[in-house]
Each structure stands twice: as C-alpha cells, then as structure tokens.
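Colleague: Quick one: structure below, then a few questions.
Coordinate-derived values only; no laboratory data. These numbers were taken from a predicted model, which means no experiment stands behind them. Backbone-built Cβ (ideal geometry, glycine too); neighbour counts: all protein chains shown.
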Amino acid sequence: MTPPWGPSIGGPFAKHLTLTIEKQGRTRTARLACTPVYGTHPRGPEACELLSRARGNPAYVRLPFMACPRYYDPVTVSATGTWNGRYIRYRQTFSNQCELRAATGAIFSF
C-alpha cells in the first residue's frame, strides 16, 4: 500500500508516523511526514520539530513543566511508523487531556 504522502518520500531516512487519539470510544487519526512536512496533521511543523528532538519517539519528548488539574478522563494515544530507518511504536494512556499536552505538546494536537 502506498502511503498517502506519496511514493517519493521514503527510503532509509524516512520520517513518517500514524498518530491516533482514543477517548471515550472514539478514535481520531492523523498522518505526519517530516521530510518534508506533509500529511493530515494540522500542526505538522511544530510536531515534527518536537519529534526531531526526540528521535521520532514521543516518549522522549521533554517540555517545560505544566501544572494540570487532577481529574480522571483517560485518553490513550499511539504513534507507529518509521524514523530514520527505525520502527517507532508508542502507546500511552494519560489521566486527562492536559496531562497529554504537558507530556507531548503539539504531537497529538489534532
């Protein structure tokens, strides 16, 4: 299957991910390519910048501290794809949307 960003983007240094957000039985998906920035992610350049610093893995994103309210409204996110020839597979459940933003910034802002 050809990715939606076209066959010309790829090779060993491809940087593209499929991102999902699951909340209350609903799932949203965005596709993001970062060489060049392309896809369905509305904040692609910001997300690519964060991912570049984190070697493509949202688990390695480091952001300034952000205080969040303590309530439980779980949201599960995932990222799968390739980054510079490495397979990325990330899945995490956060207590609420604020905790998600504090940990991942623009990556899951769609």
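Colleague: Looking at the structure I just gave you, is T35 loosely packed, with under 15 Cβ neighbours inside 10 Å and among the β-branched types (V, I, T)?
Modeller: no
Colleague: Looking at (1) touching a Leu at 6+ places or on another chain (Cβ under 8 Å); (2) without any contact (Cβ under 8 Å) to a residue 24 or more places away in the chain, find the lone condition where Y87 falls short.
Modeller: (1)
Colleague: Further, regarding this structure: Take segment 84-103 and flag every residue that is part of a helix (DSSP H, G or I), touching a strand residue (DSSP E or B) at 6+ places or on another chain (Cβ under 7 Å) and either surrounded by fewer than 19 Cβ atoms within 10 Å (Cβ to Cβ) or of a type in the set (S, T, N, Q) (or both).
Modeller: Listed by number, the list holds a single entry, Q97.
Colleague: While we're here: If I ask for residues that are over 11 Å from G105 (Cβ atoms), among the basic types (K, R) and out of contact with any strand residue (DSSP E or B) (no Cβ under 8 Å at 6 or more places or on another chain), which ones from segment 24-53 would you list? Full working, then the answer.
Modeller: Step one: of segment 24-53, the residues over 11 Å from G105 (Cβ atoms) are 24-42, 44-45, 48, 52.
After this cut, where a residue has to be among the basic types (K, R) as well, the list is 26, 28, 31.
Within segment 24-53, R26 is the sole residue that qualifies.
Colleague: Just give me the residues in segment 43-83 being surrounded by 15 or more Cβ atoms within 10 Å (Cβ to Cβ) and in a loop (DSSP other than H, G, I, E, B), in sequence order.
Modeller: Matches in segment 43-83: R43, A54, G56, N57, V61, C68.
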